[in-house]
Amino acid sequence: MDITVAYFHPLLHPEVVKRDFERIRAAGADSIVYAVHEQEEQRWPRDLERGLVQAQDAGLKVYLSLGRFGNLFAGPSLVPSWYTFRHPQSRVMDRHGRPHDISCFNHESFRSWLFKEIEYYLGTYPINGILIDEPRGTDVTCFCSVCRALCPDVTDLPRFRRRSMIDFLGELCACVKRVDVDAKTMIVLLPQDLNQLDELALLPPLDTLGCHLFWSLLNEEIIQVEQWGRTVVEVAHRYEKRSQLWLQNFNLDEAGEEQLEIAFAQILNAEPDQIGCFYFWRNNLHPETAWQTTHRLLRRIPRRQLYWQVPGLTNHLVGKEVP
Ligand SMILES: [Zn+2]
């Protein structure tokens with residue numbers, strides 16, 4: 001079982017980044033998920049490059065998440081998409097002609113912008129894959145001129161919306177593979193979107209199906225974690241995809257902290273190929289405790305042999321729990 005850790009922190013301070021990546025590595029992770037928002041690459045490309053090279057040097061692969069691009073995906077900052085702001089004509093239009101705050105993925109100009117961004121990131125930085133975080137799009141049926149031209153029968157628009165979203169995500173994954181055949185593609189859903197699993201699993205260029213098992217955030221019973229997890233793993237294996245299950249080790253109060261171990265055990269019971277969690281992510285009552293507990297739980301996962309052979313890892317990082 002592989003471990004990936006979301007690192008949603010600035011890369012501006014190399015010494016801090018180095019320490020963080022060593023801690024993430026010591027927890028047994030072999031990759032990080034790093035999220036960019038549209039403005040970041042323009043404002044601090046040197047920091048981005050140095051930080052991602054630091055990840056590589058620490059033995060961590062990098063999966064890039066396109067934070068809120070087109071307002072279609074989730075992202076660590078609650079900011080609107082710069083593209084959507086500057087291209088208001090690209091927005092989804094509902095049946096009453098009201099624009100919504102996301103770009104319609106059927107707009108050719110939006111697609112070509114997004115795919116060029118992906119090509120640029122993959123061609124410029126040491127990135128091992130693209131993670132599509134909680135794709136949105138089917139909550140509002142789009143009646144924009146592009147969608148109506150593609151689907152003249154308005155009664156069929158809801159079905160068309162759903163189908164074209166799957167096609168769009170497939171094209172996005174195909175774009176990644178065109179640029180770098182070895183780059184991995186991952187789609188991570190919220191539990192309420194698990195009904196899309198089977199259709200997504202049919203996309204040839206998609207490698208990994210994932211789910212954010214955020215029981216506490218979603219006010220769900222903790223038992224749901226295992227049920228959601230098993231659904232994802234079962235579908236992924238049926239279609240020979242990899243499965244990725246995410247632990248909510250953020251936004252935890254005292255009660256949430258106590259349940260962290262149960263949630264983790266439920267994820268292990270589902271036997272995913274990969275487990276994901278967060279490094280010091282937002283709004284924990286006791287941030288240090290949340291990470292230490294996460295670290296201790298992750299250390300229970302049997303390490304792959306590869307881990308022991310990474311050059312430059314000193315002994316204190318290997319084989320011992322951090323106190
Ligand atoms: Zn549309």
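The values are calculated or read from the model by the stated rules, or taken from the named source; none is laboratory data. Quick caveat, the model's predicted, so the values are computed rather than measured. Please note: Cβ atoms are built from the backbone with ideal geometry, for glycine as well, and neighbour counts cover all protein chains shown. The protein model used for the area step is the full one, side chains on, heavy atoms only, and it has no ligands, DNA or RNA in it. Shrake-Rupley method; radii C 1.70, N 1.55, O 1.52, S 1.80 Å.
Counting only alpha carbon atoms, the long axis of helix 287-298 and the longest principal axis of the chain meet at about 80°. Computed on protein heavy atoms with a 1.4 Å probe, the accessible areas place Thr208, Thr155, Thr289 in the order Thr155, Thr289, Thr208, largest first. Do you know the relative contact order of region 1-52, to the nearest whole percent, from alpha carbon pairs under 8 angstrom that are 6+ apart? Answer for region 1-52 is 54 percent.
Helix 157-179 against the longest principal axis of the chain: what's the angle in degrees, Cα atoms only, rounded to the nearest 10? Here the helix axis deviates by roughly 50 degrees. When all protein chains stay in place and ligands, DNA and RNA are ignored, the 1.4 Å accessible-area order of Lys18, Lys116, largest first, is Lys116, Lys18.
Whole angstrom only: what separates the Cα centroid of region 1-46 from the Cα centroid of region 209-288? Computed from Cα coordinates, the inter-centre distance equals 20 Å. Solvent exposure of Met1, expressed as accessible area, is near 70 Å², computed with a probe of 1.4 Å over the protein chains only. Residues of region 18-48 with an amide N closer than 19 Å to a point placed 7 Å from the Cα of Arg299 along the Cα-to-Cβ direction: 19-31.
Once neighbouring chains are kept in place and the probe is 1.4 Å, which whole percent of the accessible area of region 115-233 is contributed by carbon and sulfur? Present the calculation step by step, with values, prior to reporting the outcome.
On the way: 2530 of 5020 Å².
The computed percentage sits at 50.
His37 sits among other residues whose Cβ lies under 13 Å from its own Cβ, and their net charge, with Lys and Arg +1 and Asp and Glu -1, is -3.
Between beta-carbons, use under 11 Å as the cut-off and find the net charge around Thr124, counting Lys and Arg +1, Asp and Glu -1. Present the calculation step by step, with values, prior to reporting the outcome.
Values: positive: none; negative: Glu41, Glu49, Glu117, Glu119.
Summing Lys and Arg as +1 and Asp and Glu as -1 gives -4.
How much net charge surrounds Leu114 when only the other residues with a Cβ under 13 Å from the Cβ of Leu114 are counted, with Lys and Arg +1 and Asp and Glu -1?
-2
Between Ser81 and Asn71, the built amide H atoms are under 5 Å apart, and every one of these is 5 or more places off in sequence or on another chain. Here the relative contact order of region 141-284, from alpha carbon pairs under 8 Å that lie six or more residues apart, stands at 18 percent.
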